[in-house]
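Novice: This is the structure, below, for whatever I ask next.
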Amino acid sequence: MKDILNELEDRRNAARMGGGERRIASQHAKGKLTARERIELLLDEGSFEEFDMFVAHRSTDFGMEKNRPAGDGVVTGWGTINGRMVYVFSQDFTVLGGSVSATHAQKICKIMDMAVQNGAPVIGLNDSGGARIQEGVDSLAGYGEVFQRNIVASGVVPQISVIMGPCAGGAVYSPAMTDFIFMVKDSSYMFVTGPDVVKTVTNEVVTAEELGGASTHTKKSSVADGAFENDVEALAEVRRLVDFLPSNNQQKAPTRPFFDDPARVDSSLDTLVPANPNTPYDMKELILKVADEGDFYEIQEDFAKNMITGFIRMEGSTVGVVANQPMVLAGCLDIDSARKAARFVRFCDAFDIPILTLVDVPGFLPGKSQEYDGIIKHGAKLLYAYGEATVPKVTVITRKAYGGAYVVMSSKHLRGDFNYAWPTSEIAVMGAKGATEIIHRADLGDEEKIAQHTADYEDRFANPFVAAERGFIDEVIMPQSTRRRVCRAFASLRTKQAKMPWKKHDNIPL
Ligand code: HXC
């Protein structure tokens, strides 16, 4: 009996060593943790339960039958994050470069199936050279099975990808279909084809970092939602994110204890909006001041900074925030910001997370480049996302809400539940100057007349009261009482029921 127990222990120890000491040392030398060390940091201490530790590949080509490491390059299982169950796979770069074989993929599929069945998030820690070259089409088939599960799981359980090493070829497409992608600076890369192929095909010379590093994907392409300094920080931030999210689409996000008075008045907000309507101010200040304990988890912080997206809690419950940022491009809507916000709104709606929208938007960014690149279609994404969202929607207009952008930003007309405006709001088709130049074109050149027309327009429209008279604004509120008003609004919406007519699925303008 003792021998059998010892054999199990020996086998386990061998599996835990992955690709062996030399490769583990090489992984550490690159500033990277091993697959198991990452799981240890991600999950609550001692909570990890492993599956398939002894799974080995079945390939016999290229002498592979002589190299059959236990676990086949990926550690899979489940554990808890602050007591809540999550499923995890962590690719082991020390074993055949973490490459994906048929059996490696099967292990990932097994935990994804269990995650959907049991209603818990899937977290993938990616560190892999991609399809295992020796296995050819079997490896591609394995990837295909993972992709299909990403799609089935989408909108059912949250899926989070952390890119912690190279991620090339088809390997980027599984993360691309998950809800959030985080990268580790200087040690992770994502590209469809690497620098060598790029050089051969296009003659461009580019480094891996430039082509697909964390900076590229958080600032330029928007493929990734956040980048962190090292493995430890990235994993800690995933834990923080998971705390904001529900386990699945049937459950609410967890409610945390809070110590911040929901009725807290913040008189500094009364002076947040500057007297000059063209002077910017930082919308993040408002977000931090309405949030419980000033805690804000920003998503895509470095991309399309004219739009802010992220999670806060109000009375302990998760709220998704979408806000125009007047500090960047005057808060205009453009292609990037519309896409960013639309995806975030759809995530919140899929997982029953209420949405708070803070509006200061002078309109859509005009210009040839925006039109040629399809602002009509991309702007429509955000309009569509808000209009289809059935979660509680509370909107606060702080200053400008002009034109189409007014309608888009969770207006009453898109089934906003509570639409508040600060007294500093201007709700109109456009700014006074632009409007005057169009409707009083005949007077252009006569400065006195134009000034008078502009002043008349401002008197009429540069306020929230015309919209309030029509019921498009439910209440004009004091800025200082925003947190209290919004908390009460969401509290009253906890039992909200809203449905869309049956359809197979929608046809959002992609
Ligand atoms: C088999 C692989 C491998 C792979 C790496 N290894 N990638 N083995 N299949 N795809 C092995 C290496 O042979 C090596 O084994 C060990 O992993 C570590 O690799 P190194 O090259 O020494 O590491 P490094 O210098 O850090 O470079 C990492 C790398 C490079 C950038 C990932 O290995 C690389 O370019 N690999 C190939 C990437 C690729 O083209 N993958 C296919 C993508 S196409 P030893 O025994 O020497 O330690 C794809 C299609 C999917 O994925 C389509 C789905 C539909």
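Novice: Considering the options LEU5, MET53, MET64, tell which one lies farthest towards the positive end of the dipole of the range 1-100, charges being +1 on Lys and Arg and -1 on Asp and Glu at the Cβ, about the Cα centre.
Specialist: The listed residue farthest towards the positive side: MET64.
Novice: Quick one: dipole size for the chain, taken about the Cα centre, charges +1 on Lys/Arg Cβ and -1 on Asp/Glu Cβ, in debye to the nearest 20. Don't skip to the answer; put the middle values down first.
Specialist: On the way: 57 positive and 68 negative charges, 220 e Å.
Magnitude of the dipole: close to 1060 debye.
Novice: Output ³J(HN,Hα) for the range 126-141: one whole-Hz value per residue in order, computed from phi by the Karplus curve 6.51 cos²θ - 1.76 cosθ + 1.60 with θ = phi - 60°, and x for Gly and Pro.
Specialist: Once θ is set to phi - 60°, the couplings for the range 126-141 become 9, 7, 8, x, x, 4, 6, 4, 5, 9, x, 5, 4, 5, 5, 4 Hz.
Novice: Mind ordering 109-120, 43-54 by average Cβ neighbours within 10 Å, highest first?
Specialist: Values: 109-120: 18.2, 43-54: 14.8.
Result, highest mean first: 109-120, 43-54.
Novice: A follow-up question, please. On a 30 Å Cα-Cα criterion, which of the cross-link pairs LYS185/LYS368; LYS368/LYS400; LYS368/LYS449 come out too long? If you can, show how the numbers build up before the last one.
Specialist: Values: LYS185/LYS368 34 Å; LYS368/LYS400 24 Å; LYS368/LYS449 32 Å.
Listed pairs above 30 Å: LYS185/LYS368; LYS368/LYS449.
Novice: Here's another thing I want to ask about it. Give me the angle, in degrees from 0 to 90, between the Cα long axis of helix 102-118 and the longest principal axis of the Cα atoms of the chain, rounded to the nearest 10.
Specialist: Tilt relative to the chain: about 50 degrees.
Novice: At a 10 angstrom cut-off on C-beta neighbours, averaged per residue, how do the peptides 456-463, 217-224 rank from highest to lowest? Spell out each step's value before the answer.
Specialist: Details: 456-463: 16.6, 217-224: 18.8.
Output ranking for 456-463, 217-224: 217-224, 456-463.
Novice: What does the charge count near THR309 come to, summing +1 for each Lys or Arg and -1 for each Asp or Glu among other residues with Cβ under 13 Å from its Cβ? Could you put the intermediate results ahead of the total?
Specialist: Values: positive: LYS284, LYS305, ARG339, LYS340, ARG343, ARG346; negative: ASP179, ASP225, GLU298, GLU301, ASP302, ASP336.
Result for the local shell: 0.
Novice: Pull up all non-local amide H partners of MET307: gap of 5 or more, or a different chain, and H-to-H distance under 5 Å with H placed in the peptide plane.
Specialist: GLN325
Novice: Hey, what number do you get for the chain at 222 nm if only DSSP H runs of n ≥ 4 count, each worth -39500 (n - 2.57), divided across all residues, to the nearest 500?
Specialist: Values: 18 runs with 185 residues, N = 510.
Rounded to the nearest 500, it is -10500 deg cm²/dmol.
Novice: Arrange the following residues from fewest to most other Cβ atoms within 10 Å of their Cβ: TRP78, TRP422, TRP502.
Specialist: On the way: TRP78 20, TRP422 23, TRP502 5.
By the 10 Å Cβ count, ascending, the order reads TRP502, TRP78, TRP422.
Novice: Enter the Cα centre distance for the pair the range 332-374 and the range 295-320, rounded to the nearest angstrom.
Specialist: Here the answer is 14 Å between Cα centres.
Novice: The range 131-175 to the range 49-101: how many Å between their Cα centroids?
Specialist: Centre-to-centre distance over Cα atoms comes out at 14 Å.
Novice: OK, next. Please report, in debye to the nearest 20, how large the charge dipole of the range 260-302 is about its Cα centre when each Lys and Arg carries +1 at its beta carbon and each Asp and Glu carries -1 there.
Specialist: Details: 3 positive and 12 negative charges, 60 e Å.
Here the size comes out at about 280 debye.
Novice: Next up: When a footprinting reagent is the concern and you count Cβ atoms within 10 Å, what order do TYR281, TYR372 take, fewest first? Don't skip to the end; give the middle numbers.
Specialist: Numbers: TYR281 17, TYR372 8.
By the 10 Å Cβ count, ascending: TYR372, TYR281.
Novice: Continuing with this model, one more query. How far is the Cα center of the range 472-509 from the Cα center of the range 240-290, in Å?
Specialist: Computed from Cα coordinates, the inter-centre distance equals 15 Å.
Novice: Can you give the angle from 0 to 90° between the axis of helix 375-388 and the longest principal axis of the chain, with both taken from C-alpha atoms, to the nearest 10?
Specialist: In the chain, helix 375-388 runs at an angle near 90 degrees to the longest axis.
Novice: May I ask you to order 490-498, 122-130 by the average number of other C-beta atoms within 10 Å around their residues, highest value first? It would help to have the intermediate numbers written out before the result.
Specialist: Working: 490-498: 12.6, 122-130: 25.6.
Going by the mean number of other Cβ atoms within 10 Å, highest first, we get 122-130, 490-498.
None of the figures in this text is laboratory data; all of them are computed from the coordinates on show. Because the structure is a prediction, the values reported are computed rather than measured. All Cβ positions, even for glycine, are placed from backbone atoms using ideal geometry, and neighbour counts span all protein chains on display.
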